[in-house]
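Comments concern the structure below.
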Amino acid sequence: MTPPPLRSKPLSQQRHTRRAAVGFTLIEALVVLAIMATAFALFAGALLGAMPGQQLRSATGTLAAEMRATRARAVASGVDQSFIIDTQARQWRSGPSAGGDARRSGELDDALALGATVAREEQPGPGVAAIRFFADGSSTGGRVVVRRGDAAWRVDVHWLTGTVRVERGEGER
C-alpha cells in the first residue's frame, strides 16, 4: 500500500500564508509605537510633577525624625539636648545643650525654604533657632516650617510633652 500523493498548494498561496503568520504590518508597528510614546509621556509628566512634593515631604520627615531622635537621646542620657536650625543656610544640627559637639547634622536642598518659631531665649543669633529637649521629655517647644513655592509642611514640637508632630499647612512665613 502506497500512501496517497501529497498535494501542494501553489507557490503564491504558500507565500501569502507564511507572510500572515510571521510579521506585523507597518501600520500595526506605528500604532504600537504611538501608544508607547503616549504612555511614556504621561508617566514622565506625572513623575516629574510629583518630585517637588516628594522632596518637600522627605525633608520635613527627616527634620521630624531627627527631632524625635534628639528628644530620645535627652531622655535616655539624662542630659538636655538641643536641635539647632539655621534658617538662612537651611541647615540643622543636634547635640548636647552644654556647648558640646553636634552629634548629627544635615542640610536642606536649595529649592526649599526653612522658617522657625521658637522661644526667645532659644535664639542664639539672627536666623538661628533652637529647640531644647529636656531629660524629662519636655521641651522649649516650637514650630519649623519647610516650604517650596506655595506648598508647606510644618513640624510642631509641644513644649510640655516634647512630642513632635508633622502636618501639612502654611504655618508662619
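Tabulated data
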quantity	calculated
³J(HN,Hα) computed for each position of the range 81-88 - Karplus, 6.51 cos²θ - 1.76 cosθ + 1.60, integer Hz, glycine/proline x	10, 10, 10, 9, 10, 9, 5, 6
From phi via Karplus (6.51, -1.76, 1.60), per-residue ³J(HN,Hα) for the range 156-166 in Hz, x at Gly/Pro	9, 10, 6, 5, 6, 9, x, 5, 10, 10, 10
Model label zone, LEU160; criterion: amide N under 19 Å from point 7 Å along Cα-to-beta-carbon; scope the range 104-130	119
Range of Cα positions in the range 52-168 per principal axis (Å), largest first	39, 25, 24
Loop-located trypsin sites (Lys or Arg not before Pro) in the range 119-157, at most 10 other Cβ atoms within 10 Å (DSSP)	none
Per-selection metrics, the range 82-151 (Cα): Rg and Dmax in Å	12.3, 38
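Each value in this text was obtained by applying a stated rule to the coordinates, not by laboratory testing. The model shown is predicted, which means the values in this text are computed figures rather than measured ones. FYI the Cβ positions are ideal-geometry reconstructions off the backbone, even for glycines, and counts take in every protein chain you see.
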